[in-house]
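Report on the structure given below.
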Amino acid sequence: MEALEAITDFGFGKMQLNRVEVLIDTRNVPSARLAESLGLVRERIPRENTPFRGRYLDDAVYSFLRRE
């Protein structure tokens, strides 16, 4: 939780971002649950988005908006 606060404080405060995105391997259920418990919202799943060990993985995109 402290890490997310530091990231959002820096991103929204210093950098004036409107959103922070996190990409999570769709097979990583514990990380997805953690992201949701921290208030991030799953938006989409780009297929074969990230190269990893000679193949491409699907990622779930989670985001957190400044107004949230």
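Tabulated data
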read-out: Filter result (among the basic types (Lys, Arg), touching a helix residue (DSSP H, G or I) at 6+ places or on another chain (Cβ under 9 Å) and either in a strand (DSSP E or B) or more than 22 Å from Ala3 (Cα to Cα) (or both)) within the range 38-68; value: Arg42
read-out: Some residue of the range 47-67 being without any contact (Cβ under 8 Å) to a residue 24 or more places away in the chain, surrounded by 14 or more Cβ atoms within 10 Å (Cβ to Cβ) and more than 10 Å from the chain's Cα centre (by Cα); value: no
read-out: Members of the range 33-46 found to be more than 9 Å from the chain's Cα centre (by Cα) and on the phi < 0 side of the Ramachandran plot, listed by number; value: Arg33, Leu34, Glu36, Ser37, Leu38, Glu43, Arg44, Ile45, Pro46
read-out: Subset of the range 21-37 (residues that are charged (D, E, K, R) and either in a helix (DSSP H, G or I) or buried (at least 16 other Cβ atoms within 10 Å of the Cβ) (or both)); value: Arg33, Glu36
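Rule-based calculations on the coordinates, nothing more; no lab input. None of these values were measured; they are calculated from a predicted model. When we count neighbours, we look across all protein chains shown, and the Cβ atoms used for this are built from the backbone with ideal geometry, even at glycine.
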